[in-house]
Amino acid sequence: MKTKSQLATLADCQSEVTVMLRRSKTKVIAPTLTLGILKKYQQSKNLVFTEKEIQAAYSQGVRFMQSFMKHGLHIGAKWEDAYSRRTLPKYKVLKPLENGYELLAPYTTFCDSLIAWIPEQIRDYIDGKLGVIPKLENKEFRAKVAANLLEFIHLLQTNIEINPANFEFICFAVLRVHLEKFACKIYRDTRAAAHDKGVDISTNFGVVYQIKKLRVVNQKICEAIASELRQNFDKQRLEDGNVILVIDDIRTEFKEFLINMKIQSITKADLLKLAQQFEDVEDREKVLRIVFDEFRREYASVFH
């Protein structure tokens, strides 16, 4: 088995890019930067790049992928010089020099093949994370889905399962549209799926929601949640019943355990039942628009 210092074939390069994708969190940075640098090399055949040229290549890579994907979600993050100094050298794409960086073989050898291959891999990875979400930017698509209650619910059911971000955004959108009917406003306070253990959604009427994509199936999980909530919220707020837990699912006995602590829980099934009660097409369309807006707010590409 070859080490990273012994990359020699196209398959070796593809394997490294696959690892880059697997390690990507909110944005697909390393593969997009690699693509941009390869495109610069293909045009100029220059092996050595300055920091400024690397950053320009990154911007080019992000723009190309936005055009290729026909949306800007999950593709690029704000530029950091760590991308060139540490990230790509780790994958043996670049070698730091005294006054720049050298693009290494076999990335140079298989430049054309990689330029053709990388965009499809990025697309497949992002599609797997986002599902139908990018289509929700299109008002006509939202209107078509919203016009049919069954199609609307099916879209929510399918996409709420994909990952914690989808779960949080869809839960937030359904709750927001529902509560607005009672002149109540809610606000997302944290980044999606953040591990800060704080408030995920606050309101203008004193209630806070904490969202966790998990299934409460045993006493250990239930007690851990209760302990965490006691740490994160003051005793008075808990005793007043102003903390609501939004989760994937919970067994009846553990739901009762939390109720005895004055903590209400809302499950995925509860949220979907609530969504089924949106009789107005405008309400359903608004849910879909909010979901996309929240994705765009957190995951829109930037490259400056």
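The values are calculated or read from the model by the stated rules, or taken from the named source; none is laboratory data. Remember, it's a predicted structure, so these values are computed and weren't measured experimentally. Methodologically, a virtual Cβ is constructed for each residue, glycine included, from the backbone with ideal geometry; neighbour enumeration extends over all protein chains shown.
Counting only helices (runs of 4 or more DSSP H) that sit wholly inside the stretch 195-304, those with at least 1 residues that are within 25 Å of Cys184 (Cα to Cα) and touching a His at 6+ places or on another chain (Cβ under 7 Å) are 268-276.
Within the stretch 81-88, not a single residue is part of a loop (DSSP other than H, G, I, E, B), under 23 Å from the mean Cα position of the chain (by Cα) and buried (at least 22 other Cβ atoms within 10 Å of the Cβ). Look at (1) within 21 Å of the chain's Cα centre (by Cα); (2) β-branched (Val, Ile, Thr); (3) within 21 Å of Ile244 (Cα to Cα); (4) at pLDDT 90 or above and you find that Val177 fails only one, number (1). When Asp280, Asp270 are checked against the criterion of being under 30 Å from Ala146 (Cα atoms), surrounded by fewer than 13 Cβ atoms within 10 Å (Cβ to Cβ) and free of Cβ contacts under 8 Å to residues at least 40 places away in the same chain, Asp280 stands alone in meeting it. When residues in the stretch 90-120 are screened for being within 22 Å of Gln43 (Cα to Cα) and either of a type outside the set (A, V, I, L, M, F, W, C) or not assigned by TED's automatic domain parsing to the domain that holds Lys40 (or both), 15 of them pass.
For every residue, the table says whether it meets (1) small (Gly, Ala, Ser); (2) within 21 Å of the chain's Cα centre (by Cα).
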position	(1), (2)
Val19	no, yes
Arg23	no, yes
Lys27	no, yes
Ser44	yes, no
Lys52	no, no
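Of note, Glu102 does not satisfy the criterion of being free of Cβ contacts under 8 Å to residues at least 24 places away in the same chain and outside any helix (DSSP H, G or I). Entry remark, the stretch 54-89: residues being charged (D, E, K, R) and without any contact (Cβ under 8 Å) to a residue 24 or more places away in the chain number 3 in total.
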